[in-house]
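Report on one structure; see the data block that follows.
Each value in this text was obtained by applying a stated rule to the coordinates, not by laboratory testing. What you are looking at is a predicted structure, and each value in this text was computed from that prediction instead of being measured. Neighbour counts run over all protein chains shown; Cβ positions are idealised from the backbone, glycine included.
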Amino acid sequence: MRFEAVSKRFGNFVAVELLSLDIFEREFFALLGPSGCGKTTLLRMLAGLEQPTEGRILLDGLDISGVPPHRRPVNMMFQSYALFPHLTVEANIAFGLKQDGMPKPEIATRVREMLELVKLDGFGERKPHQLSGGQRQRVALARALAKRPRVLLLDEPMSALDRKLREDTRFELMELQNTLGLTFVIVTHDQEEAMTVADRIGVMNAGQLAQVATPSEIYEHPNSRWIADFIGDINLIEGRVASSGLGHTVIESMTGGRFLVAAEATVGAAVAVALRPEKLRIDTVASGASGENGFPGRVTEIGYLGGVSVYKVRLDNGLDMKATLTNHTRLTAQPIAIGERVRLSFAPEAGVVLLR
């Protein structure tokens, strides 16, 4: 699928602006972004529920912009699931097949296949109100897959599920996509969800694509301050390039002090260095830890999250930083206390230099 310079306007409001994107066959692609960034509008244009104001949408090289939704090899699973409350599970799944005029014996066979696929055998005679939220989601998924589309569109499909069920469903979706060999396009504002399920992620902001890459590339190598700040936790140190060469750059922090990063940049350029909290080492001053790129400070807050603890540190230069430590053993007390003097440090390879 290809979006070629696609724009969508609603009156004076620009929802999508000159967006170009390729989505590959059998890819699990995620559109990620804050509310109002245009990701659902893009999905609806792909489904045929909205028409582009400008540009073309191509499938296998053919422009489908004018093709009505029911004629596209695309199906959409809505955020609300949109199940018919008066119909049974079987009838909900069969609805689109009946509309297409499929013979009754084939419909019955297809419905049985879909129920088995989404692990709802024995639930066919129930009504939607007799199902849990996770089961209703599976019915909506089965209905969307029943017509065997080439592309399945998923609009915030897990937003109504509790956290544990949402985590389990992510892996089930990945397994289902791999089994069926279809192209899945999911819209979500949940970063963890996008990072888990997607082969590639398109991060949207204000109707445009800010970055398109694999989850690891977006996390480890964001292309801007906005991406770095939007994806996960981040420490941003503003500074200026003091010297650069042989794959290393010395940055002079705006708040004072110099440090080294494994990258090259133009001398004198204003930059931001992005540091993920898990890339930072935190040591007590009393431990005598030493090394490059070290900053003294004091712990101001601690967040215990089970698997990890998050330490907020006010550096002596006034900058607030976050560092995370994995809790390898069961803790009855934090190894580093609030108010304690510490030293944060990081390897040159941990910092990502951002020019914009």
(request) Count the lysine pairs in the chain whose Cα atoms lie under 25 Å apart, taking only pairs 8 or more positions apart in sequence or on different chains. (result) 16
(message) For the pair ALA269/ASP22, report the inter-label distance in nm, with labels modelled 7 Å from Cα in the Cβ direction.
(response) 2.7
(request) Counting only C-alpha contacts under 8 Å and six or more residues apart, can you give the relative contact order of the chain as a whole percent? (result) 15
(message) I want the local charge near LEU87. Using Cβ-Cβ distances under 15 Å, sum +1 for each Lys or Arg and -1 for each Asp or Glu among the other residues.
(response) +3
(message) Expected output is a single nm value to one decimal: the length gained when fully extending between HIS129 and LEU246, i.e. 0.36 nm times separation in residues minus the C-alpha distance. What is it?
(response) 35.6 nm
(request) Would you kindly state how much longer the chain becomes between GLU238 and LEU260 on full extension, computed as 0.36 nm times their sequence separation minus their alpha carbon distance, in nm to one decimal? (result) 6.6 nm
(message) Along the Cα→Cβ direction, 7 angstrom out, place labels at GLU217 and ASN178. What is the inter-label distance in nm?
(response) 2.2
(message) So if the hydrodynamic radius of segment 71-145 is defined as the Kirkwood radius over C-alpha pairs, what does Stokes-Einstein give as its diffusion coefficient at 25 °C and 0.890 mPa s, in µm² per second?
(response) 199
(request) Between LYS98 and LEU62, take the C-beta separation as r, use R0 = 25 Å, and let me know the FRET efficiency to the nearest 0.05. (result) 0.35
(message) Place a point 7 Å from the Cα of ARG356 along the Cα-to-Cβ direction; which residues of segment 189-203 have their backbone N under 16 Å from it?
(response) 203
(message) If you restrict to DSSP beta bridges whose two residues both lie in the chain, what percentage is antiparallel, to the nearest 5?
(response) 75
(request) State the dimensionless ratio Rg/Rh of segment 233-354 (Rg: radius of gyration of Cα atoms; Rh: Kirkwood radius). (result) 1.00
(message) Pick from LEU154, LEU344, LEU141 the residue whose mean-square fluctuation is largest in a GNM of the chain, springs joining Cα atoms under 10 Å.
(response) LEU344
(message) If you average the alpha carbon positions of segment 109-172 and of segment 240-288, how far apart do those two centres end up, in angstrom?
(response) 48
(request) Determine, from the Cβ-Cβ distance of ARG163 and THR329 and an R0 of 35 Å, the FRET efficiency 1/(1 + (r/R0)^6), rounded to the nearest 0.05. (result) 0.90
(message) How would segment 164-211 be classified by its alpha-carbon gyration tensor: rounded, prolate or oblate, with rounded meaning a/c under 1.5 and the a/b versus b/c comparison settling the rest?
(response) oblate
(request) Give me the number: length gained by fully extending ALA5 to THR109, i.e. 0.36 nm times residue separation minus the C-alpha to C-alpha distance, one decimal in nm. (result) 33.2 nm
(request) List the residues whose amide H sits under 5 Å from the amide H of ARG150, counting only those 5 or more places along or on another chain, with H placed 1.01 Å from N in the peptide plane. (result) VAL74
(request) Return the long-range amide H neighbours of ALA210 (sequence gap of 5 or more, or a different chain), with a cut-off of under 5 Å between placed amide H atoms. (result) VAL203, MET204, ASN205
(message) Loop-only GluC sites (Glu not before Pro) in segment 99-165, please: DSSP not H, G, I, E or B, and at most 16 other Cβ atoms within 10 Å.
(response) GLU125
(request) Along Cα→Cβ, 7 Å out, is where each label goes; now give me the distance between the ones at PHE171 and GLU301 in nm to one decimal. (result) 3.2
(request) Mind jotting down the three principal axis lengths of the chain based on Cα atoms? Whole angstrom, largest first. (result) 77, 51, 36
(message) Students often get this wrong: which residues of segment 214-240 have the backbone nitrogen under 19 Å from the point 7 angstrom along Cα-to-C-beta of ASN317?
(response) 225, 234-240
(request) Could you pull out the chymotrypsin sites (Phe, Trp or Tyr not before Pro) across segment 11-52 that fall in loop regions by DSSP (anything but H, G, I, E, B) with no more than 16 other Cβ atoms inside 10 Å? (result) PHE24
(request) Give, as a single signed number, the net charge of other residues whose beta carbon lies under 11 Å from the beta carbon of GLU238, with Lys and Arg counted +1 and Asp and Glu -1. (result) +1
